[in-house]
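One structure is given below, encoded as structure tokens.
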Amino acid sequence: SVPFEIERARADFPVLQQEVHGKPLVYLDNAATMQKPRQVTEAIDHYYRWDNANIHRAVHQLSERATQAYEAARNKVQHFINAARREEIVFVRGTTEAINLVAQSFGRSRLQAGDEILLSHMEHHSNIVPWQLLCEQTGAVLKVVPIDDTGELLLDEYERCLSPRTRLVAMVHASNVLGTINPAQKIIELAHARGIPVLLDGAQTVPHMPVDVQELDCDFYAFSAHKMVGPTGIGVLYGKREWLEAMPPYQGGGDMILSVSFDKTLYSDLPYKFEAGTPHIAGAIGLGVAIDYLETLGMENIAAYEQELLNYGTEVLAQVPGLRFIGTAQEKVGVLSFVLEGVHPHDIGTILDHEGIAIRTGHHCAQPVMERFNIPATARASLAFYNTKAEMDVLAAGIKRVGELLG
Ligand code: PMP
């Protein structure tokens, strides 16, 4: 049975109560970005209406309120992922910037020619390209752990890839294309046994299941607010204090310094060392409210409900003639990627849009996954707690009609 909180949550999302092309909107592109509850948009509106000021630098009332709200959001993030210290939470633009920060600050200061960075074959481009840039700058090399036909990481291959030259493991916690939830605990244990730090890309996990960075014992963890009912333009880099303290700043500017002279500049303490310039204050406040919202629903409830929805969706889509799933791992988040015999994924997306159904088609910023499965693209329905079984039925019926039309 669906918990009461989840059942009534849909009403908090005005955007879901509209028609598209004369049909009720069925929004199934949550892995790209999630919709926002009114609590989040109202908090952002309230901030700009009543509290807007720059933070940290002024003594006036509005600045104090803005600073207080911004720093309160940091505390919420800390507790949400169970970080040991608030200064381990760095606000960035999103997952992409968090990974670039680690690549340029941690990577550039430590890696040398011949050093290795270990990734998986199911990474999002944002966990590939920053490392390639770093490799060009340092002469380090990428190594890629293969995946099997269901989209699971080959753990024994992973272990074999860990070498005396491996300086960092950077892996996606859950794939945005395949849905695969990687065995993070195991990945980290095996790396730590060899003294290698691990970064996890948590863009698709933090919104969908409880994440505890201390229990995982990961060294870095990256995620985006906009995929967890928060605003765009804000995200989080979690880093263990020892690492962050040892790392040089990523960007220079105001707010990240203690003192500046033309001879010598002293940097601020954590986390401000990594937050140069005026940050996305409203975004951080919105993220804080998004976290409040998710915590009210309960991450355990969200995970359980989405699993139920995933199972149901898998069942009804499997009955569509000619449909083949891409990504059938044992442990998955609510991502249903598929191809349809004789139909280009783009056409599936276009026709479904005319029925009010929003899915994503393409390579999903993970071209190596397409190459691995020998396909140009997939169609992807990605789920959230505000989706329903009835919507899964509408989706399945829509795809079936596409098949009849074009297949
Ligand atoms: N990693 C994964 C697994 C993702 O799904 C995404 C977003 N599609 C990103 C990284 C990048 O996130 P952002 O664009 O918010 O930086």
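The table below lists the values:
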item	result
Subset of K76/K227; K36/K389; K76/K273 violating a 25 Å alpha-carbon distance limit	none
Cα-based equivalent ellipsoid, the stretch 303-407: semi-axes from gyration tensor eigenvalues, Å	19, 17, 12
Accessible area (Å², per residue) of the stretch 335-407, counting only protein heavy atoms and a probe of 1.4 Å	39 Å²
Carbon + sulfur, % of accessible area of the stretch 230-331 - ligands and nucleic acids excluded, 1.4 Å	50 percent
Part-to-part distance (alpha-carbon centres) for the stretch 129-193 and the stretch 360-401, which is given in Å	25 Å
When the stretch 358-407 is reduced to its Cα atoms, the Kirkwood hydrodynamic radius in Å	12.6 Å
Lys, Arg +1 and Asp, Glu -1 on Cβ, resulting dipole of the chain about Cα centre, debye, nearest 20	700 debye
Alpha carbon Rg of the stretch 1-149, scaled by the compact-globule rule 2.2 N^0.38 Å	1.45
Dipole magnitude of the stretch 128-282, debye to nearest 20 (Cβ charges: Lys/Arg +1, Asp/Glu -1, about Cα centre)	320 debye
Among beta bridges that DSSP assigns inside the chain, antiparallel share in %, nearest 5	60 percent
Share, in percent, of DSSP beta bridges within the stretch 89-213 that are antiparallel, nearest 5	15 percent
Most to least packed among 284-290, 343-349, 264-270 [average Cβ atoms within 10 Å]	284-290, 343-349, 264-270
Rg followed by Dmax, in Å, when the stretch 91-223 is reduced to its Cα trace	13.6, 38
Percent antiparallel among DSSP beta bridges (both partners in the stretch 157-303, rounded to 5)	55 percent
Sequence-separation-based contact order of the chain, relative, with Cα cut under 8 Å and 6+ spacing, percent	23 percent
With eigenvalues of the C-alpha gyration tensor scaled by 5 and rooted, the stretch 221-323, Å	42, 15, 13
Rg ratio (alpha-carbon, reference 2.2 N^0.38 Å) - the chain	1.01
Overall Cα dimensions of the stretch 40-114 - principal axes, largest extent first, Å	54, 26, 23
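The values are calculated or read from the model by the stated rules, or taken from the named source; none is laboratory data. Since the model is a prediction, treat every value here as computed from it, not as a measurement. So basically every Cβ, Gly included, is an ideal-geometry build from the backbone, and we count neighbours across all protein chains shown. Quick note on the areas: whole protein, heavy atoms, side chains included, nothing else; ligands and nucleic acids left out. Shrake-Rupley method; radii C 1.70, N 1.55, O 1.52, S 1.80 Å.
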